[in-house]
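Here's the structure we're looking at; comments come further down.
The values are calculated or read from the model by the stated rules, or taken from the named source; none is laboratory data. In this text the structure is predicted, and so the values were computed from the model without any measurement. For the accessible areas, the whole protein counts, side chains as well, though only heavy atoms, and no ligand, DNA or RNA atoms are used. Shrake-Rupley method; radii C 1.70, N 1.55, O 1.52, S 1.80 Å.
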Amino acid sequence: QLQLVESGGGLVQPGGSLTLSCAASGFTLDNYAIGWFRQAPGKEREGVLCRAKSDGRTYYADSVKGRFSISRDNAKNTVYLQMNSLKPEDTAIYYCAAESLTYTAQAMCDIKYLEVWGQGTLVTVSS
């Protein structure tokens, strides 16, 4: 049973920062590619940031470049999405996902049908 559990969502003011956590169980994250996705009401799920397993490269959606980043703590088997300069349009449910197959970073964010998904955590950016 492979599982991912997101946490850290909540309400933040525009311009603020938030860090989301994605904890893995049943597998070791450093053997998988990792991606963060989000879905706002009435919109399709979009790939936000994905890190490839093969070469460690990271793909960033244009909307989050320069504002979002990913980090990993292997000892905790956890990855993090660091979000800065948040905007109201960042409001969405955020999901992490993991994949054992080899994709480029951009392909992982585009494919969507990945091996393991978390349950999501809601981020609301509002004044």
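What to note about this one:
- Among Leu81, Leu49, Leu114: highest mean-square fluctuation, GNM of the chain, C-alpha pairs under 10 Å: Leu114
- Solvent-accessible area, 1.4 Å probe, carbon plus sulfur percent, for the chain: 46
- Take the chain with all the other protein chains still there, run a 1.4 Å probe, and you get 51 Å² of accessible area per residue.
- Listed residues Lys43, Lys87 arranged by accessible area, highest first, probe 1.4 Å: Lys43, Lys87
- CD proxy at 222 nm, helix term only [per DSSP H run n ≥ 4: -39500 (n - 2.57); per residue of the chain; nearest 500]: -1500 deg cm²/dmol
- Ranking Glu115, Glu89, Glu6 from most to least accessible surface, computed with a 1.4 Å probe over the protein chains only, gives Glu89, Glu115, Glu6.
- Evaluated over the range 1-67, the Cα radius of gyration and Dmax, each in Å: 13.6, 38
- Under 21 Å from the Cα of Lys43 - lysines, other chains or at least 8 residues apart: Lys65, Lys87, Lys112
- By the Cα gyration tensor, the range 1-117 has an equivalent ellipsoid whose semi-axes, rounded to whole angstrom, run 22, 15, 13 from largest to smallest.
- Relative contact order (percent, whole number), the range 27-126, Cα cutoff 8 Å, 6+ residue spacing: 34
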